[in-house]
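Asks: The structure's right below; bear with me while I get my questions together.
The values are calculated or read from the model by the stated rules, or taken from the named source; none is laboratory data. Values in this document were obtained by computation on a predicted structure and should not be read as measured data. Don't worry about glycine lacking a Cβ; one is built from the backbone with ideal geometry, like all the others, and counts go over all protein chains shown. Keep in mind that these areas ignore ligands, DNA and RNA; they rest on the heavy atoms of the full protein, side chains included. Shrake-Rupley method; radii C 1.70, N 1.55, O 1.52, S 1.80 Å.
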Amino acid sequence: MRKSGFISIIGRPNAGKSTLMNTICGKKIAIVSHIPQTTRNVIKGIYTKKDTQMVFLDTPGIHESVKQFNQIMSKQAHIAMDESDLVLYVIDLTRRFGKEEEIILAALQELGKPVIVACNKVDVQDEHVVENSMRINAEMEKNPTWSLIYISALKQKNIDELLAAITEKLPEGEFYFPDDMYTDSALDFMVAETVREKVMLQTYEEIPHAVRVETVEIDDSDPKFVSVFVDIFVERDSQKGMVIGNGGIKLKHIGMDARRELEDLFKKKVFLKLNVRIDKNWRMHA
Ligand SMILES: Nc1nc2c(ncn2[C@@H]2O[C@H](COP(=O)(O)OP(=O)(O)O)[C@@H](O)[C@H]2O)c(=O)[nH]1
Ligand SMILES: [Mg+2]
């Protein structure tokens, strides 16, 4: 009998949720950066091995305050409740427990679904680790059905143990997706996200959140290379300059880094044309 199910990945921004999903699926599916709010949509990552299929839902952690986080968490808890068979709760061991952790723990208790707590970033030596571990152990005692695993999503530590724990809690059932599929994201979305990640990594402060990226065209008609046309929208003229950089140096780096990853994605040479444009207040009607 096959096992398959949906697993929502939740946790504070920057905990390493997207990194973990990419590590498990062995593909760059969700973009990753040190900047909170990197993930803007729920993204599916599919892992299939032998008789088991796991469909991960990587959730965004957009918030500017605990109050807002609370509202979004309740939305995420709803996604988890409606769509997933179990919840994978990722905790950043190197960060002091915040109000967010309490909100998540309360939501998980109310949810009543199988939970796996993954304590991430064990590769980092940090003063908060001992205190956080004590807090987590206390929570585990309160919730005896939950499983606890210490991992490093980045350094790929204990990932097999994590997969075994998920498999154990996964319901029996037929696969939801073909066994060679690793995401249901469309190609144009993945292209735009790849470019957005590079913009985030190359720019600072207000830019990452002011940028929107759109794939205009993917021309795959030549057998030797793919031509990809992408628009990068910012809200103000000054931001345009910051994305382009002195003599175009920033945009050049964004283009080079993105092209390298897109060549992995397309398994072909990529010609990438980036165009920086202004769309005032796109966030207002996003
Ligand atoms: N040292 C270390 N860093 C990690 C680990 N997992 C994720 N990170 C880093 O934490 C940051 C946030 O990761 P990301 O996956 O975008 O977090 P998300 O907001 O929860 O999706 C990035 O800079 C990652 O490289 C880990 O296991 N160890
Ligand atoms: Mg993320």
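Asks: Please list the radius of gyration and Dmax for segment 3-169, considering alpha-carbon atoms only, with Å as the unit.
Replies: In Å, with Rg to one decimal and Dmax whole: 14.5, 43.
Asks: Got a sec? What order do 59, 167 fall in by accessible area at 1.4 Å, biggest, i.e. largest, first?
Replies: In descending accessible area the options line up as 167, 59.
Asks: For the residue pair residue 246 and residue 279, what label-to-label distance in nm results when each label sits 7 Å from Cα along the Cα-to-beta-carbon direction?
Replies: Each label point is offset 7 Å from its Cα along the Cβ direction, giving 3.1 nm.
Asks: Report the calculated FRET efficiency for residue 82 and residue 145 (r = Cβ-Cβ distance, R0 = 25 Å), to the nearest 0.05.
Replies: Using R0 = 25 Å, I get an efficiency of 0.75.
Asks: Follow-up question, since we're still on this one. Using helices alone, I'd like the mean residue ellipticity at 222 nm for the chain: each DSSP H run of four-plus residues gives -39500 (n - 2.57), total over residue count, nearest 500.
Replies: -12500 deg cm²/dmol
Asks: P(r) for segment 187-278: what percent of alpha-carbon pairs falls in each 5 Å bin, starting at zero?
Replies: Per 5 Å bin, starting at zero, the Cα-Cα P(r) for segment 187-278 comes out as 3, 15, 28, 25, 15, 9, 4, 1, 0 percent.
Asks: Hey, if we sort 96, 12, 277 by accessible area with the 1.4 Å probe, largest down, what's the order?
Replies: So, going from the largest accessible area down, we get 96, 277, 12.
Asks: Here's a follow-up. Kindly state, to the nearest 0.05, the FRET efficiency for residue 221 paired with residue 99, given R0 = 45 Å and r defined as their beta-carbon distance.
Replies: Taking R0 as 45 Å, the efficiency between residue 221 and residue 99 is 0.30.
Asks: How far is helix 128-142 tilted, in degrees, relative to the longest principal axis of the Cα atoms in the chain, given as a value from 0 to 90 rounded to the nearest 10?
Replies: 50 degrees
Asks: Which residue fluctuates the most in the chain, going by a Gaussian network model with Cα springs under 10 Å, if the choices are 221, 147, 33?
Replies: Among 221, 147, 33, the largest GNM mean-square fluctuation belongs to 221.
Asks: For the chain, place one equal point scatterer on every Cα, skip the solvent, and apply the Debye formula. What is log10 of I(q)/I(0) at q = 0.10 Å⁻¹?
Replies: -0.58
Asks: Would you mind checking the tilt of helix 99-111 against the longest principal axis of the Cα atoms of the chain, expressed as 0 to 90 degrees and rounded to 10?
Replies: For 99-111 against the chain, the angle is about 60 degrees.
Asks: Under a GNM of the chain (C-alpha, springs under 10 Å), which listed residue has the highest mean-square fluctuation: 52, 145, 38?
Replies: Of the options given, 145 has the highest mean-square fluctuation.
Asks: Next question, about the same structure. May I ask for the angle, rounded to the nearest 10°, between helix 249-266 and the longest principal axis of the chain, with both axes built from Cα atoms and the value confined to 0 to 90°?
Replies: For helix 249-266, the angle is close to 60 degrees.
Asks: Residues of segment 175-192 with backbone nitrogen within less than 15 Å of a virtual label 7 Å along the Cα-to-Cβ line of residue 267, please, listed as ranges.
Replies: 180-183
Asks: Taking 0.36 nm per residue of separation and subtracting the Cα-Cα distance, what length does fully extending residue 67 through residue 130 add?
Replies: Full extension from residue 67 to residue 130 adds 19.9 nm.
Asks: OK, next. In whole percent, what relative contact order does segment 3-169 give with Cα contacts below 8 Å and a gap of six or more residues?
Replies: 23 percent
Asks: Order 253, 128, most accessible first, counting only protein heavy atoms with a 1.4 angstrom probe.
Replies: Values: 253 70, 128 35 Å².
Correct descending sequence by accessible area is 253, 128.
Asks: Still on this model: Greater than 23 Å separation of Cα atoms is the criterion. Which listed pairs, 27/267; 49/169; 198/269; 49/121; 3/142; 28/240, meet it?
Replies: Check vs 23 Å cut-off fails for 49/121; 3/142; 28/240.
Asks: Take the Cβ-Cβ distance between residue 236 and residue 177 as r, set R0 to 51 Å, and report the resulting FRET efficiency rounded to the nearest 0.05.
Replies: Numbers: r = 41 Å, r/R0 = 0.81.
Computed FRET efficiency for residue 236 and residue 177 comes out at 0.80.
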